[in-house]
Amino acid sequence: MNNLGKFITLEGVDGAGKTTHIEFIKNYLSDLGIHYVMTREPGGTLLGERLRDILLHDEMTPETETMLMFAARNEHIDKVIRPNLLSGAVVISDRFTDASYAYQAGGKGVKEEKIDILKNWVQGSLQPDLTFLFDLPVEISMERLKKTKNLDKFERENKNFHENIRKKYLMLANACAERFVVLDSQKSIEEIQCQIKLKLDEALK
């Protein structure tokens, strides 16, 4: 399936600057004349967006949270990701399953074996072709978050929670180095976007 389209995901701790670079990626692909679909998790579909509102604001057990994340993801894959990849589009998702390992396993302590089961059930062999991980020391990311007016429940969590998320993301990047590109979000926007452009060019040859 991925031979037809390319599946690119964006990951990172809260406040690491993903949003800043999404517009750059969209504009760059548009300039190249490449058909792309930009989407996000949780969300991406009508049902997914309703679940997103619940997931970002309602308190629940970590296990319930994990299952709802995968319910939204199942709908997302079925309605958006898979059809667009089959049509030959580049699908770019702001977060995907790596976020479940980082936030629910790393941050909330859900056993990875449980996430593995849901992952295999929901996405099967589907994997991103390229993942950009926007990395930033937690102290800096939390300072950036203080400037945000309306924080969601994840963004309001304590420093230890965010440290565990960052640690898990870096572990994932190390274990799957062939698809991860770790971007130092302390660098200038221009430097980061130069790296993004280089890796996009390689992935889209």
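The values are calculated or read from the model by the stated rules, or taken from the named source; none is laboratory data. Everything quoted here is computed from the prediction, not taken from an experiment. Because the Cβ atoms are built from the backbone with ideal geometry, glycine has one as well, and the counts that use them run over all protein chains shown.
Every residue in the stretch 69-113 that is farther than 17 Å from L55 by Cβ and basic (K, R), please. Across the stretch 69-113, the qualifying residues are K79, R82, K111.
Of all residues in the stretch 86-112, those that are buried (at least 22 other Cβ atoms within 10 Å of the Cβ), among the hydrophobic types (A, V, I, L, M, F, W, C) and over 15 Å from P62 (Cα atoms) total 4.
Looking across the stretch 113-128, the residues that are buried (at least 18 other Cβ atoms within 10 Å of the Cβ) and either without any contact (Cβ under 8 Å) to a residue 60 or more places away in the chain or acidic (D, E) (or both) come down to I115, L118, K119, V122, Q123. Taking (1) within 12 Å of the chain's Cα centre (by Cα); (2) within 24 Å of S185 (Cβ to Cβ) in turn, K26 satisfies each apart from (1). Looking at T148, T131, just one residue is among the polar types (S, T, N, Q), at negative phi and in contact with a Leu (Cβ under 9 Å, 6 or more places away or on another chain), and that residue is T131. The set of residues in the stretch 15-65 that are surrounded by fewer than 17 Cβ atoms within 10 Å (Cβ to Cβ), among the polar types (S, T, N, Q) and either under 24 Å from L118 (Cβ atoms) or touching a Pro at 6+ places or on another chain (Cβ under 9 Å) (or both) comprises T61, T64. Here is a check on your reading of the model: is E49 free of Cβ contacts under 8 Å to residues at least 60 places away in the same chain, in a helix (DSSP H, G or I) and under 24 Å from E143 (Cβ atoms)? The answer is no for E49. Do you know which of the residues in the stretch 67-95 that are closer than 11 Å to T39 by Cα and charged (D, E, K, R) is nearest to the chain's Cα centre (by Cα)? By that ranking, first place goes to R95. Taken together, the residues in the stretch 1-33 that are modelled with pLDDT of 95 or more, of a type in the set (V, I, T) and not in a helix (DSSP H, G or I) amount to 2.
Selection of the stretch 52-91 for residues being under 14 Å from K153 (Cβ atoms) and not in a helix (DSSP H, G or I) yields D58, E59, M60, T61. Meeting the requirement of 1 or more residues that are farther than 22 Å from T66 by Cβ and more than 14 Å from the chain's Cα centre (by Cα), the helices (runs of 4 or more DSSP H) wholly within the stretch 96-205 are 138-145, 159-175, 189-203. For T45, the conditions (1) more than 15 Å from I189 (Cβ to Cβ); (2) within 12 Å of the chain's Cα centre (by Cα) all hold with the exception of (2). Can you name the residue in the stretch 176-205 that is acidic (D, E) and closer than 26 Å to I140 by Cα and, of all such residues, is surrounded by the fewest Cβ atoms within 10 Å (Cβ to Cβ)? Looking at residues that are acidic (D, E) and closer than 26 Å to I140 by Cα, I get E190.
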